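K.L.:
Take this structure first; my questions come after.
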Amino acid sequence: MKSKSILILSLLMTIIISSCKNEIIENQSLKVNRAEIKEMAALHSKGLQFTKSQKIKTKGFDVEVPETPVRTALEIFELLAPDINIYIQNNNLQEYAYLVNVVPGFNIANIPTVSLSQTGQAFSQNYYIILNQMNGLLEPSSYHDLDNQLNIIIGSTNFLSLNAEEQAILISGAEIMLDSYSYWSNNSPQLLATKGFWNRLWAVVQSDARGAWQGGISAFTADKGVGGIIKGAIVGAIQGSELAAELTEDEYSMIVGGNTVNIKGVNVPIEFDNILVMPTTPSLTFPSNYTGLYYYVSSKDLAHEENLIYPTYIFKNSQNIYYYNSGLTCLLPNGVYFNNYDLQYYKVLNGKVTEIGSKPTVFPGGDKPLQELVSNLFPNCN
């Protein structure tokens, strides 16, 4: 009896040690931090929840209960764009807002695309093989089942041979797939009722993941690094999300398949080759022909003539970074500035003008001047 207990204990210790060893090997072998990507991927479902709550609060209806007649995807995006834009701005994702067609003045139909395979930017053969594996997964029986399938792929020798950018794109899509499955399984009775044969839940999850992969690839082509790839994936997933798909008749747009292109001997859905090119946004500046005073504005002290109490002159360097001294050593404090010349409000972050608006409480990204006025805002400096 004693020897049997010792044997069982020995086996348990072997399993525990082996498990820990495998975990260490996986953490050492991956070229990106999967835990960090998973944490950031949660911004996807939080964005869905934010937009849903905003629509219920401001428009009086739930985005998951379609009205009749059913709207088109374009109409839905137009309806949701303001709230999606607010969420993107609040989470420092505005650089990738073009992926969801919510940038004022941008039309996604007019943004150019680039073929990676035709411009020498294609990824490795293993990358496309694994992308097809993830993209072609059969509907799982549960979240745990999906997690296991993805873990097997990510732990494979082929996956571990990929470079950091390739791993970042694929893991971003995988984690958003898990995030999407969890969110829609728990937040949409409509989709729960259509699992299995009708496959609507899984089609929505796949749509989110494909949007993530497209967004991540687009960020990669703009040379945004691993951090940018993850952010692009989050915004791309919102574009592919059920916020649009569940309210549209165009269910075919959620179905995996369609046209393919052969890249390095692998047939790949063309959507992973023809990628949106990140628009180049012109640098925003204060008006060059005005050299008078600007006034720092807070939410409590909006710019009225009687309370413009924090005046300053501004100066810029060759990179359009602004200072409040001519020696260009004192960076202009973050906040909102107003002048009596063009009656515009200028938002400044890290010395750069990031937004321009005609009202003190509404900017293109939905931001407001929330900062409090502080004493000694512009201290003397050399």
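K.L.:
Give the residues of the stretch 277-308 that are part of a loop (DSSP other than H, G, I, E, B), surrounded by fewer than 17 Cβ atoms within 10 Å (Cβ to Cβ), at pLDDT below 65 and not polar (S, T, N, Q), sorted by residue number.
P.N.:
Once the filter is applied, which keeps residues that are part of a loop (DSSP other than H, G, I, E, B), surrounded by fewer than 17 Cβ atoms within 10 Å (Cβ to Cβ), at pLDDT below 65 and not polar (S, T, N, Q), the stretch 277-308 yields Pro282, Lys300, Leu302, His304.
K.L.:
Here is a list of conditions, (1) more than 30 Å from Phe123 (Cα to Cα); (2) modelled with pLDDT of 80 or more; (3) not hydrophobic (A, V, I, L, M, F, W, C), and Asn274 meets all of them except one; can you say which number that is?
P.N.:
(1)
K.L.:
Would you confirm whether any residue within the stretch 310-319 is under 32 Å from the mean Cα position of the chain (by Cα), of a type in the set (A, V, I, L, M) and either at pLDDT 55 or above or within 30 Å of Gln206 (Cβ to Cβ) (or both)?
P.N.:
No - not one qualifying residue is present in the stretch 310-319.
K.L.:
A further question on this structure: Kindly indicate whether Ile356 is more than 30 Å from Ile111 (Cα to Cα), out of contact with any helix residue (DSSP H, G or I) (no Cβ under 6 Å at 6 or more places or on another chain) and either open to solvent by 80 Å² or more (accessible area, probe 1.4 Å) or modelled with pLDDT under 85 (or both).
P.N.:
no
K.L.:
If you check Gly215 against the conditions, is it closer than 19 Å to Arg34 by Cβ, buried (at least 24 other Cβ atoms within 10 Å of the Cβ), in contact with a Phe, Trp or Tyr (Cβ under 6 Å, 6 or more places away or on another chain) and at pLDDT below 95?
P.N.:
Against the criterion (closer than 19 Å to Arg34 by Cβ, buried (at least 24 other Cβ atoms within 10 Å of the Cβ), in contact with a Phe, Trp or Tyr (Cβ under 6 Å, 6 or more places away or on another chain) and at pLDDT below 95), Gly215 does not qualify.
K.L.:
For the stretch 223-237, check the following and say yes or no: at least one residue is out of contact with any Lys or Arg (no Cβ under 6 Å at 6 or more places or on another chain), modelled with pLDDT under 85, within 20 Å of Ile270 (Cα to Cα) and not charged (D, E, K, R).
P.N.:
no
K.L.:
If a residue must be at pLDDT 90 or above and β-branched (Val, Ile, Thr), how many such residues does the stretch 160-204 contain?
P.N.:
3
K.L.:
Out of all the residues in the stretch 102-113, is one or more hydroxyl-bearing (Ser, Thr, Tyr), modelled with pLDDT of 90 or more and outside any loop (DSSP other than H, G, I, E, B)?
P.N.:
no
K.L.:
Follow-up. Looking only at the stretch 120-148, how many residues end up being within 20 Å of Ala42 (Cβ to Cβ), open to solvent by less than 50 Å² (accessible area, probe 1.4 Å) and either at pLDDT 95 or above or in contact with a strand residue (DSSP E or B) (Cβ under 6 Å, 6 or more places away or on another chain) (or both)?
P.N.:
Residues that pass the stated criteria total 3.
K.L.:
Would you confirm, using the coordinates I've provided, whether Glu139 is under 29 Å from Thr51 (Cα atoms), over 18 Å from the mean Cα position of the chain (by Cα) and not hydroxyl-bearing (Ser, Thr, Tyr)?
P.N.:
yes
The values are calculated or read from the model by the stated rules, or taken from the named source; none is laboratory data. Being a predicted model, the structure only gives us computed values, none of them experimental. Backbone-built Cβ (ideal geometry, glycine too); neighbour counts: all protein chains shown. For the accessible areas, the whole protein counts, side chains as well, though only heavy atoms, and no ligand, DNA or RNA atoms are used. Shrake-Rupley method; radii C 1.70, N 1.55, O 1.52, S 1.80 Å.
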